[in-house]
1. Answer yes if at least one residue in region A:19-32 is among the aliphatic types (A, V, I, L, M), surrounded by fewer than 16 Cβ atoms within 10 Å (Cβ to Cβ) and either out of contact with any His (no Cβ under 7 Å at 6 or more places or on another chain) or in a helix (DSSP H, G or I) (or both), and no otherwise.
2. Please go through region A:111-145 and pick out each residue that is among the small types (Gly, Ala, Ser) and farther than 26 Å from A:Gly47 by Cα.
3. From the residues in region A:1-13 that are in contact (Cβ under 8 Å) with a residue 12 or more places away in the chain, part of a helix (DSSP H, G or I) and among the hydrophobic types (A, V, I, L, M, F, W, C), which one is farthest from A:Asp77 (Cα to Cα)?
4. Inside region B:136-178, can you point out the residues that are under 25 Å from B:Met1 (Cα atoms), open to solvent by 10 Å² or more (accessible area, probe 1.4 Å) and without any contact (Cβ under 8 Å) to a residue 12 or more places away in the chain?
5. For region A:1-13, enumerate the residues that are facing chain B (nearest Cβ under 9 Å) and open to solvent by less than 30 Å² (accessible area, probe 1.4 Å).
6. Since B:Phe168 meets every condition but one in (1) hydrophobic (A, V, I, L, M, F, W, C); (2) more than 30 Å from B:Leu90 (Cβ to Cβ); (3) in contact with a Gly (Cβ under 7 Å, 6 or more places away or on another chain), which condition does it not meet?
7. Residues that are farther than 20 Å from A:Thr18 by Cα and within 11 Å of chain A (Cβ to nearest Cβ): list the helices (runs of 4 or more DSSP H) wholly contained in region B:82-178 that include at least 3 such residues.
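The values are calculated or read from the model by the stated rules, or taken from the named source; none is laboratory data. Because the structure is a prediction, the values reported are computed rather than measured. Glycine also receives a Cβ, built like all others from the backbone with ideal geometry; neighbour counts cover every protein chain displayed. Accessible surface areas use protein heavy atoms only, side chains included; no ligands, DNA or RNA. Shrake-Rupley method; radii C 1.70, N 1.55, O 1.52, S 1.80 Å.
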Protein chains: 2
Amino acid sequence: MDFDLASSTDVLARTPATLQALLADLPEPWIRGREGPDTFNPFDVVGHLIDGEETDWIPRARIILARGPDPRFEPYDRFRHRARNARRSLGELLGEFAGLRAGNLDLLRSWKLTEAELALTGIHPTFGPVTLRQLFAAWVVHDLGHVAQVTRVMAKQYRDAVGPWVPFLPVLMDRVSP
Amino acid sequence: MDFDLASSTDVLARTPATLQALLADLPEPWIRGREGPDTFNPFDVVGHLIDGEETDWIPRARIILARGPDPRFEPYDRFRHRARNARRSLGELLGEFAGLRAGNLDLLRSWKLTEAELALTGIHPTFGPVTLRQLFAAWVVHDLGHVAQVTRVMAKQYRDAVGPWVPFLPVLMDRVSP
């Protein structure tokens, strides 16, 4: 599928409500269960998405759009949320994410980006030149991947509870080595 | 995590709103894109979940609770939805799923099941004896697995659009042979 900015913005706008529907007021074991050591539980995922709003997608888009001599992105800290949110509740984080996302999408829409601007490039610290279009496509895929992660990790909390059903529930076998 | 009926019912009650947030009024290419031949797109998943409400989870619970001499489940038709929903819209199916799910959970709550009832068994056509508790746990995992599938399949529609980001978006590599 070709990248489309309007429908990408539409998909990005849905993530806060999706996570709210899945997670708000859910009992703690569902929120804190993981699928392996050093992996994200649903609480971590919401914190990680907040980090993305504050330090990743829109800040990188600004670097590209500034058209400076060295459009190199700051490296992204995948574990910033651990210290930041240690004493926060999931309800707070869900509200914070929704506010940040809404503000970022308002900003994105206000830019009224042209096809020429979407073809501008920045420099990713690991893999080099990427276009603004690729950055926004990656933002969409990143969101969807983390919603998939939340539901996969929740499903795995019942791996033993389903008994002989395991082989018929393939989500339980995904990411055997997460 | 041990099976808990109240929190399982809570998780099951969230799926219609989660799918509504993800999918309602989304442009057709996002709804119809697949991850491989003979796999479900998001439209198919909603139809498959409707089939589950009508022919799988609660009908099988009734067979167990009837305590008859042969508590064998009917085999489940994974492709019933294809003919059933050929001319329906996703909006209709989302509404239908929400109504069926709400009714089934009202019924489930009205049964006020005891631990002894949750330990009753039925016979699965493929893998034999299973408890009512395992059936309900499988219902929860089945829901979560299909929400994960919807978001994974949507993410894969942008596999080419993300360009060099592919290796950093692991959801794009899940189910390489779906």
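1. yes
2. Across region A:111-145, the qualifying residues are A:Ala116, A:Ala119, A:Gly128.
3. That would be A:Leu5.
4. B:Gly145
5. Hits for region A:1-13 are A:Ser7, A:Ser8, A:Val11.
6. Just one mismatch for B:Phe168, condition (3).
7. Where helices (runs of 4 or more DSSP H) fall fully within region B:82-178 and carry at least 3 residues being farther than 20 Å from A:Thr18 by Cα and within 11 Å of chain A (Cβ to nearest Cβ), they are B:132-156.
Residue-by-condition table, conditions (1) farther than 26 Å from A:Leu26 by Cα; (2) basic (Lys, Arg); (3) modelled with pLDDT under 95; (4) buried (at least 19 other Cβ atoms within 10 Å of the Cβ):
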| residue | (1), (2), (3), (4) |
| --- | --- |
| A:His48 | no, no, no, yes |
| A:Arg84 | no, yes, yes, no |
| A:Arg88 | no, yes, no, no |
| A:Gly99 | no, no, no, no |
| A:Thr126 | yes, no, yes, no |
